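Data block below; observations after.
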Amino acid sequence: MTWTFYLNVTNDTDRDLELVESQLHWGYWNTGGEEDKEPQSIKAGETIQAVGAKSAFGPNGYEFSCSWKDKNNEYQAPYGVISLYVNVPYNDPNEARCRANGYFEVAEWKDITHDGHNFVRNIRISNKLDKWRQKEISNNLFTDWSKIKTLKEIEDVRDIDLNQYIPSGVHFEKMSLFRTSLFNISKILWDGVNDLEFDSLYLKQREVQQYFSVEVTCLRADATKIETVTKKGKITVKDEYGLSTASKVVEEKVSTIETAFKFTEKISVSEEKVVKASVAQELQAELKAKFNILNAVTKEQQQTEKKSKERVFEAPSDKDMDVVPWIFSKMILLYRTDNNNVTTLIGASEWDYAVLHRTHVYDVMDNAKKKVTTGGEY
C-alpha cells in the first residue's frame with residue numbers, strides 16, 4: 001500500500017506565497033493526488049493543497065523539503081520564509097517540521113508521529129505585523145471609538161476651566177479627558193471625504209452607513225521642557241491658550257485630517273471636478289463651524305483667541321522644585337461605520353491647544369504626588 005503525505009495551506013496574509021525551493025529526496029510528488037505534480041504557490045486569501053508526496057514502489061518511504069516566500073516588489077520589505085521538511089523512512093522514526101521566520105507565523109501545525117505512513121496536515125500562515133497592528137489599534141485609548149464614546153461630552157473646550165483637570169502627581173502618559181458631540185456628515189457631502197478604502201462615491205453609498213467626526217481633548221506633561229528651580233529661586237513662565245501648534249499625528253496608519261478633508265483650490269474645467277471641489281469646500285466649512293481648531297488645518301491664524309498670562313514661581317527655602325508644563329491637545333478624528341457595523345478610524349490629526357504650568361516637588365521623575373504651593377497658583 002502506498003504511503004502518502006499531504007499539506008493543506010491557508011494563506012491569511014495580503015501577499016501571494018511563491019514556491020522558492022522544492023527537493024524530492026525519495027518518493028514521488030503527488031500534490032492533489034496527481035502524480036509528479038510539484039508543490040504549489042499559494043495566492044493571498046487562498047486555501048489549497050500546497051504539497052503532496054507518496055512513497056516509491058510500495059512501502060519504501062518518502063523524503064522531501066520545500067519553502068515559500070512572500071511575493072513583494074522592490075519597494076516592499078519581505079515578510080519572511082516558510083519551510084517544510086518531511087521524512088518518513090522505511091525503518092527509522094518519522095520526522096517532520098514546519099517553520100517560519102521573519103514576520104510569518106504558522107498556526108495549526110501538528111508534528112507527525114514517529115511511526116505511521118499516511119499523514120494529512122493543515123496549516124494557516126499569517127503575518128505577525130497584522131496582529132501587532134490590530135492589537136495596537138484595539139488598545140489605542142485615544143482613537144478606538146469604543147473607548148472614545150465613553151468620554152464625558154462637552155460642547156466647546158473653550159468653556160472649560162482646564163486648570164481643574166491638571167493632576168497633582170506628574171506622569172507622562174497622555175490622558176483622554178472629554179469629547180465633543182458627534183458631527184455626522186451628511187450623505188450629500190460624502191464626496192468630500194477622502195476615504196482611501198472606499199475611494200468613489202458609488203462605493204461609499206454601497207458600503208458605508210455613516211461618516212462622523214469628533215473632537216477629543218487630551219492632556220500630557222511635557223518632559224522635555226521641565227524647569228528646575230533651586231532653593232529660593234524664581235522663574236517666570238507663560239501660560240498660553242488658543243494655540244494652533246501641530247502636534248504628532250495620533251495614528252500613523254490613517255490619513256491626516258488635512259488629507260481626509262482635502263479639497264482642490266485650483267478648480268478644473270471639468271464639471272465633475274468643479275462639483276466635487278465645491279462639495280469638499282462646503283464640508284470643510286461645516287467642520288470649521290463645528291470644530292474651531294480646524295482653522296489650523298487651513299493655516300489660518302486666530303490671533304483674537306490666542307491669549308497668554310505670565311506666572312512667577314518661587315522655590316521654597318529648603319528644597320528645589322520643578323515647574324512642569326502641562327499640554328492640552330485637541331484631536332480631530334474622522335470615523336467610518338460600514339454596513340457590517342464596524343467603526344474604523346480613517347483620519348486623525350492633533351494640535352496643541354493650551355500650555356499651563358504647575359509646580360511639583362523635585363523628584364518629579366519619581367512620580368511625585370504632592371504639589372508645592374509656592375505662588376503662581378490660580
- Query: Are any residues in the range 11-36 touching a Ser or Thr at 6+ places or on another chain (Cβ under 6 Å), over 16 Å from Thr47 (Cα atoms) and buried (at least 16 other Cβ atoms within 10 Å of the Cβ), and if so, which ones?
  - Reply: Gly27
- Task: Could you run through the range 93-128 and say how many residues are touching a strand residue (DSSP E or B) at 6+ places or on another chain (Cβ under 6 Å) and part of a strand (DSSP E or B)?
- Result: 18
- Query: Is there a residue in the range 259-275 that is surrounded by fewer than 17 Cβ atoms within 10 Å (Cβ to Cβ), at pLDDT 65 or above and assigned to a strand (DSSP E or B)?
  - Reply: no
- Item | Residue tally, condition surrounded by fewer than 16 Cβ atoms within 10 Å (Cβ to Cβ) and either under 15 Å from Trp145 (Cα atoms) or touching a strand residue (DSSP E or B) at 6+ places or on another chain (Cβ under 8 Å) (or both), over the range 198-209 | 2
- Residue under evaluation Gln210, criteria (1) in a strand (DSSP E or B); (2) among the polar types (S, T, N, Q); (3) closer than 20 Å to Ser329 by Cβ, criterion not met: (3)
- Message: Quick check on my filter: what residues within the range 197-207 are touching a residue at least 12 places away in the same chain (Cβ under 8 Å), assigned to a helix (DSSP H, G or I) and in contact with a helix residue (DSSP H, G or I) (Cβ under 6 Å, 6 or more places away or on another chain)?
- Response: Lys204
- Residue pairs qualifying under the 8 Å Cβ cut-off, at least six apart or on distinct chains, with the first in the range 218-240 being at positive phi and the second being at pLDDT 80 or above, are Lys232/Glu314; Lys232/Ala315; Lys232/Pro316; Lys232/Ser317
- Item | Members of the range 55-102 found to be under 40 Å from the mean Cα position of the chain (by Cα) and of a type in the set (Ser, Thr, Tyr), listed by number | Ser65, Ser67, Tyr75, Tyr79, Ser83, Tyr85
- Task: Could you tell me which residue of the range 160-196 is nearest to Thr359 (Cα to Cα), considering only residues that are of a type in the set (Lys, Arg) and not in a helix (DSSP H, G or I)?
- Result: Lys174
- Selection status of Glu63, assigned by TED's automatic domain parsing to the domain that holds Val120, under 16 Å from Ile112 (Cβ atoms), surrounded by 15 or more Cβ atoms within 10 Å (Cβ to Cβ) and not β-branched (Val, Ile, Thr): yes
- Could you please find all residues in the range 173-197 being farther than 22 Å from Lys147 by Cβ and crowded, with 16+ Cβ neighbours inside 10 Å? Leu189, Trp190, Asp191, Gly192, Val193, Asn194, Asp195
- Residue selected from the range 306-341 under the condition within 17 Å of Asn184 (Cβ to Cβ) and among the β-branched types (Val, Ile, Thr), by the criterion surrounded by the most Cβ atoms within 10 Å (Cβ to Cβ): Ile332
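The values are calculated or read from the model by the stated rules, or taken from the named source; none is laboratory data. Please read all numbers here as calculations on a predicted model, not as lab measurements. Please note: Cβ atoms are built from the backbone with ideal geometry, for glycine as well, and neighbour counts cover all protein chains shown.
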